[in-house]
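Working notes for the structure below.
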Amino acid sequence: MDAGGGPGAGDEIVVCLAGDVMLGRGIDQVLPHPGDPELSEPWVADARTYVELAEAAHGPVPRPAGFAWPWGDLLEVLRATGPDAWVLNLETAVTRAGGFARGKSIHYRMHPANLPCLAAARPDVCALANNHVLDFGRDGLAETLDSLAAAALRTAGAGHDAVGAWRPAAVALVPRSSARGSPRAETPRLLVFSVGMPSSGIPLDWAAAEDRSGIALVPAPSREAAAALVARFEGARRPGDRVAVSVHWGSNWGYRIPTEHVRFAHDLVDGGADLVHGHSSHHPRPLEVYHDRLILYGCGDLVDDYEGITGYEQYRDDLRVLYTVRLDRATGALRGLLLTPFRARRLTLRRASPADARWLHDALTRHGPPSSTPLAVRDDASLALGPG
């Protein structure tokens, strides 16, 4: 397997993936249009406290910061990569709504006027089936969906009803040898399905229904649930389409992958999925290559305001990862994988050091299920699947 690292050839698809992007709370407060800082947390009542914790740990944060500030060095890597599709999990309500969701102690919201921050990274798909998108109720979800649609940002996993919540986002896969422009109707697509599970903290009543907004909720990682999801993408795909399933599941901390998660992911691949994009853990979890398909069990956070919060230092949650996946255009088989690590400092992302990359390599390989080829640390402090 060739690790690669640059733009793909004409017979390849390049997909960038990341885990949780949490633009609310402290991040929202340093952007040009901060919303109401009030929180309903047991220990913190003001979102600006998280900015102060980050500053105490690593130094001053500009206020206001530019919209691109939270992304830092990631934007340069994305520009150099030029992916065909770029998918992240947006774990923040985009709303001015009040009314904290009951039964939850942590809530994330970003003021809609700060949406240019998300647009600065130009994601092709924002997965929304997670445990924070309804933090401000269904009114907050409605404003989130409308705000993202008005900004021409594709979403999957949440909707004004069940049909919208379960509908995949479709990204046209225009051949790199062709001129970029309006895709033809028959152009193959990457279909991104976004689903969430209660194991990540999603309340059961957040599920979308025929007459109720909400998310695409999978009650448990059962064989039956996998088969139902396979039926959905079998019904949606056209010849040449590739399928990615973005799953918000599991606990925030720890490297153990539950047996039922492995089985669920395998069932999706056996049913025709080309990528499984797992997230919820605050740090990267092990990955697996199964039948030439990539399974990411936990991508870790990408952007958040966790600097200065202590208690989980052994997991190095300051290390954030962009996953660059190269797929065979004709078959969907994995051709290469590059992990680019960053460090969160002053609420922005900076390229990680070679020592950081080696730490991440050891954590992923020591705890993980077997991959078809080993991860290797490269000279540029990235990690590659296969020979470097």
(request) Rounded to whole Hz and in sequence order, give me ³J(HN,Hα) for the stretch 158-170 from the Karplus expression 6.51 cos²θ - 1.76 cosθ + 1.60, θ = phi - 60°, writing x for Gly and Pro. (result) 9, x, 6, 7, 5, 4, x, 5, 8, 5, x, 7, 10
(message) Among DSSP bridges having both ends in the chain, what percentage is antiparallel? Round to the nearest 5.
(response) 55 percent
(message) Under the rule of at least 5 residues apart or a separate chain, name every residue whose amide H is placed under 5 Å from the amide H of GLY336.
(response) ARG326
(message) Using a Gaussian network model on the chain with a 10 Å cutoff between Cα atoms, which of SER246, SER194, SER105 fluctuates the most?
(response) SER105
(message) Just to be sure I understand the model, the point goes 7 Å from the Cα along the line to the Cβ. What's the resulting ARG48 to TRP253 distance in nm?
(response) 3.0 nm
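Of the listed peptides 16-22, 73-79, what is their order by residue-averaged count of other C-beta atoms within 10 Å, with the highest listed first? Could the numbers behind the result be given before it?
Working: 16-22: 26.7, 73-79: 15.9.
Those peptides, ordered most packed to least, come out 16-22, 73-79.
In whole Å, what three semi-axes, largest first, describe the equivalent ellipsoid of the chain built from its Cα gyration tensor (square root of 5 times each eigenvalue)?
On the way: eigenvalues 167, 125, 84 Å².
For the chain, the semi-axes come out at 29, 25, 20 Å.
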(request) May I ask for the distance between the Cα centers of the stretch 42-61 and the stretch 324-345, given as a whole number of Å? (result) 33 Å
(request) Report, in deg cm²/dmol and to the nearest 500, the calculated mean residue ellipticity at 222 nm for the chain, where each DSSP H run with n ≥ 4 adds -39500 (n - 2.57) and the sum is divided by the residue count. (result) -6500 deg cm²/dmol
(request) For the stretch 209-223, take each phi angle, set θ = phi - 60°, evaluate the Karplus expression 6.51 cos²θ - 1.76 cosθ + 1.60, and give the result in whole Hz per residue in order, putting x for glycine and proline. (result) 9, 4, 10, 8, 6, x, 10, 7, 9, 9, x, 7, x, 8, 4
(request) List the residues whose amide H sits under 5 Å from the amide H of ARG212, counting only those 5 or more places along or on another chain, with H placed 1.01 Å from N in the peptide plane. (result) ALA162
(message) Residue by residue through the stretch 311-324, what is 3J(HN,Hα) from phi via Karplus (6.51 cos²θ - 1.76 cosθ + 1.60, θ = phi - 60°)? Round to whole Hz and write x for glycine and proline.
(response) x, 10, 4, 5, 8, 6, 6, 6, 8, 10, 10, 9, 9, 10
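Taken together, the values in this text are just the output of simple stated rules run on the coordinates, not laboratory data. Keep in mind it's a predicted model, so treat the numbers as computed, not measured. Don't worry about glycine lacking a Cβ; one is built from the backbone with ideal geometry, like all the others, and counts go over all protein chains shown.
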